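Enquirer: Supplied in structure tokens, the structure appears directly below.
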Amino acid sequence: MNFHEYQAKALFSQYGIAVPPGNVAESAEAAVAVAKQLGGSQWMVKAQIHAGGRGKSGGVKFCRDLDAVKSAAIGMLGTNMATYQSGGRALPVHKVLVTDATDIAKELYLSILVDRDTRAISFIASQHGGIDIEQVARNTPEDIHTLAVDFIAGLQPYQCRKLGFAMGLTTQQVGQLTKIMLGLYRLFNDKDLSLIELNPLAILEDGNLAALDGKVNSDDNAEFRHQDLAAMRDPSQEDAAEATARQHDLSYVTMDGTIGCMVNGAGLAMATMDVIKLAGGEPANFLDVGGGATKDRVTEAFKLILSSDKVEAILVNIFGGIVRCDLIAEGIIAAVKEVGMTIPVVVRLQGTNVKKGRELLASSGLAITPAEDLNDAAEKVVAAIKA
């Protein structure tokens, strides 16, 4: 689950991490009211979407008067914004964040994530932050510092100080960085997060550190423990099919191909997509219906797949371990009838009562093609598109 910037900053504040004062607004008039409440003479207006790169797409505006605040909010609210990090989607802007425009002396970068290579929570930091952090990693990788945290000992203050001095900070700033890192580490663990990114973590003109922007991702597998975070979900920022899948407890990811995939088991789903590509096709989705491939789940899965107008054929690859293949076949047949399938469906079953399951599919009178194995299924579904 992703969070908006204003939500991330609210979490930061709870853990003692300095952020510029500000508030969200859903109208231009409300944005002006926030600016008046903040006082001062210059503000930032920032579109709230689940994507970075907003500055390069007109989603971050520096305003020197209230008319500029109103104009910036009008230009963002109600629009759809695409950035180089939005995955080709234009995301709707329903809110803007209005904050004080602080004077920045230098932009730093700091993030914390789960590093699967070291099997540890790791910090990544650089004395160079801002919108071109990717170029820093590419052109001067020596400026990127990594700290893997021992999962038993936890983050130690001396490690933070060592990282701060490596980034060229003053003694006072190293002390502030240590407080920020310890706060981020507590937040990361307390809330079962998967990523926190401060970009920029700024050195202000007065020498103090503040998180001017923040990105936070949480682990969906831990959502049941954090209803406060679940309440922050913004479905408008998510792929519609993926949001619907979540409501039916299905694992679904939209892709760019033309062959819909319905599989039980994440590993089997990955293998299915690989074999489709080997056969010359392109998967339209990742879809794991789980161990219990009942009629209702299969029906909802078909509806999800068919919600994309790109899908030209469907490959169903089910291993009947928990549920017998004949019962799975009956569920597939009933689901195809209910959905009113008009495109080819190739089904590969394996497991208990597989022979009976294939016979049911073959005698159904529907446009369902049984397959002997996964390679056979992939070849048949690709051939069905080309026919």
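Enquirer: If you scan segment 112-150, which residues turn out to be more than 25 Å from residue 60 (Cα to Cα), without any contact (Cβ under 8 Å) to a residue 40 or more places away in the chain and in contact with a helix residue (DSSP H, G or I) (Cβ under 8 Å, 6 or more places away or on another chain)?
Expert: 143, 144, 145, 147, 149
Enquirer: Let me ask you something else. Which numbered condition trips up residue 161, out of (1) at pLDDT 95 or above; (2) within 30 Å of residue 57 (Cα to Cα); (3) in a helix (DSSP H, G or I); (4) among the charged types (D, E, K, R)?
Expert: (2)
Enquirer: I'm trying to understand the selection: among the residues of segment 138-157, which are of a type in the set (S, T, N, Q) and out of contact with any strand residue (DSSP E or B) (no Cβ under 7 Å at 6 or more places or on another chain)?
Expert: 139, 140, 156
Enquirer: Within segment 3-41, work out how many residues are open to solvent by 50 Å² or more (accessible area, probe 1.4 Å) and in contact with a Lys or Arg (Cβ under 8 Å, 6 or more places away or on another chain).
Expert: Residues meeting the conditions: 4.
Enquirer: Same structure, new question: Return the residues of segment 128-139 that are open to solvent by 30 Å² or more (accessible area, probe 1.4 Å) and either at pLDDT 85 or above or within 25 Å of the chain's Cα centre (by Cα) (or both); say none if nothing qualifies. So that I can check it myself, show each step before the final result.
Expert: Step one: filter segment 128-139 for residues open to solvent by 30 Å² or more (accessible area, probe 1.4 Å), giving 128, 131-132, 134-135, 137-139.
Once the filter is applied, which keeps residues that are open to solvent by 30 Å² or more (accessible area, probe 1.4 Å) and either at pLDDT 85 or above or within 25 Å of the chain's Cα centre (by Cα) (or both), segment 128-139 yields 128, 131, 132, 134, 135, 137, 138.
Enquirer: Still on this structure, I have one more. Looking only at strands (runs of 3 or more DSSP E) that fall completely inside segment 53-115, which ones have 2 or more residues that are open to solvent by 20 Å² or more (accessible area, probe 1.4 Å)?
Expert: Ranges flagged: 60-63, 104-115.
Enquirer: Then there's this: Mind checking which residues of segment 31-60 are charged (D, E, K, R) and in contact with a Ser or Thr (Cβ under 8 Å, 6 or more places away or on another chain)?
Expert: Start the filter on segment 31-60 by keeping residues that are charged (D, E, K, R), which leaves 36, 46, 54, 56.
Correct list: 46, 54, 56.
Enquirer: Same structure again: Considering only residues that are of a type in the set (Val, Ile, Thr) and either open to solvent by less than 50 Å² (accessible area, probe 1.4 Å) or in contact with a Cys (Cβ under 9 Å, 6 or more places away or on another chain) (or both), which ones fall in segment 276-300?
Expert: Within segment 276-300, 276, 289, 298, 299 qualify.
Enquirer: Got a number for residues in segment 176-217 being farther than 19 Å from residue 55 by Cβ and in contact with a Gly (Cβ under 6 Å, 6 or more places away or on another chain)?
Expert: Here the count works out to 2.
The values are calculated or read from the model by the stated rules, or taken from the named source; none is laboratory data. Computed from a prediction, not measured in an experiment: that's the story for all the values here. FYI the Cβ positions are ideal-geometry reconstructions off the backbone, even for glycines, and counts take in every protein chain you see. These area figures cover heavy atoms from the full protein model, side chains too; ligands, DNA and RNA do not enter into them. Shrake-Rupley method; radii C 1.70, N 1.55, O 1.52, S 1.80 Å.
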